[in-house]
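Heads up: the structure comes next, in structure tokens.
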Amino acid sequence: MTDVPTSVQSAADLARRIPKAELHIHIEGSLEPELIFALAQRNGVALTYSSVEALRAAYAFSDLQSFLDIYYAGASVLLHEADFFDMAWAYLQRAHADNVVHTEIFFDPQTHTARGVPMASVILGLKRACDRAQAELGLSSHLILCFLRHLSEEDAFATLEAAIPLREHFIGVGLDSSELGHPPEKFARVFARCRELGLHTVAHAGEEGPPEYIWQALDVLKAERIDHGVRCLEDAALVARLATSRIPLTVCPLSNLKLCVVSSLADHPMKRLLDAGLCATVNSDDPAYFGGYLNENFLQTVHALCLSAADVVQLARNSFEASFVSAERRAEMIRILEQTIVPHQS
Ligand code: HPA
Ligand code: ZN
């Protein structure tokens, strides 16, 4: 067995311990197989898998689409407000255990409204869990409504319309699902309307799609953050644009590994993104499917790329810089980060 250098071990310990924000988590991707089976039983929903073990064994993906097929099947057990609450509350407790102090949670309403679930059941169930996390754990959170890009512009507009009565409960919109063949420009008018409503805008781009999709997310959708964005490294002008504008990338290392965006974590571009001066952050994407929550993403990335303690602190700082919080909350999170790094100064 090879020895792990002390510097890597201490960077990993630091990563585990410091406060962090998570900015790229699909709440439906936090549904653990045990909860899928419990909700299926509670709601009388039939599953094609006979056991938790059989379902987990199916989690071997070759690309984004092979994952999405199973992810949408898993979400079919969610019917009632209480189901959305239970799912989000389970995630928020896991996040708190990883020293996540703020999280911005994606949800996919079309996956549920298409099955007859009311928009209010989705949003109010998630919101109730967020309120409980604030009250009991001091963990702040925001909700971000994602449009499924494999569906039409018309469907996205109808979804936005259905969510407007609940506008106070979400701070922004995103774009997810099958990337290739569904460029950001398909949703130019929807995002323009969202910006008029004062919503923040983010978009998945450059996970499997080319750098051109990142350009479109920036220039057409006016996205304030890019989700994934790892393929930006293929375009030097794009890297320069992202660096000078400080547009954050919400990078998900274990997701990239499990969906074969990289062939091993040792090849992951995270260190190159940091060295290029980009505001890159670490996130879990769909932790129940990709083998780990936020700390596991940090730990495996630190080990695979020999990240330093300075890299780890930079990643945590970036997560606070990239979050959609008030200036006061940002300053508070940076303060607790600094107190954690240097615990005793008198
Ligand atoms: N990419 C696109 N859509 C998604 C993802 C992802 O990584 N996870 C859940 N929906
Ligand atoms: Zn994602």
- Query: Mean shadow of the chain, computed from the convex hull of its alpha carbons, in nm²?
  - Reply: 17.9
- Message: Run the helix sum for the chain: -39,500 (n - 2.57) per DSSP H stretch of 4+ residues, divided by residue count, reported at 222 nm to the nearest 500 deg cm²/dmol.
- Response: -15500 deg cm²/dmol
- Sequence-distant residues sharing a close amide H with Asp227 (under 5 Å, placed H): Ala203, His204, Ala205, Thr250
- Task: Let me know the shape class of region 58-108, please: from the alpha-carbon gyration tensor, a ≥ b ≥ c as square roots of the eigenvalues, rounded when a/c is under 1.5, otherwise prolate if a/b is greater than b/c, or oblate.
- Result: oblate
- Mind listing the phi-derived Karplus ³J(HN,Hα) values for region 273-287, rounded to whole Hz, using 6.51, -1.76 and 1.60 with θ = phi - 60°, and x for any glycine or proline? 5, 5, 5, 7, x, 7, 7, 8, 10, 9, 8, 9, 6, 9, x
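How large is the accessible surface per residue of the chain, computed with a 1.4 Å probe and reported in Å² as a whole number? Present the calculation step by step, with values, prior to reporting the outcome.
Details: 13470 Å² over 346 residues.
That works out to 39 Å² per residue.
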- Note on the structure: If one builds a Gaussian network model of the chain from Cα atoms under 10 Å apart, the most fluctuating residue listed among Asp108, Asp63, Asp285 is Asp63
- Out of residues 5 or more away from His150 or on other chains, whose amide H comes under 5 Å of its own, with H placed 1.01 Å from N in the peptide plane? Ser178
- trypsin sites (Lys or Arg not before Pro) in region 225-322 lying in a DSSP loop, each with at most 12 other Cβ atoms within 10 Å of its Cβ, come to Arg246
- Spin-label proximity, Val4 to region 273-315 - amide N less than 17 Å from point 7 Å beyond Cα toward beta carbon: 292-313
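Keeping the other protein chains in place, figure out the carbon and sulfur percent of the accessible area of region 292-333, with a 1.4 Å probe.
54
The values are calculated or read from the model by the stated rules, or taken from the named source; none is laboratory data. Predicted model, so just to flag it, every value in this text is computed and none were measured. For neighbour counting, all protein chains shown are included, and Cβ atoms are generated from backbone atoms with ideal geometry for every residue, glycine included. We work out accessible area using only protein heavy atoms, side chains counted, and drop any ligands, DNA or RNA first. Shrake-Rupley method; radii C 1.70, N 1.55, O 1.52, S 1.80 Å.
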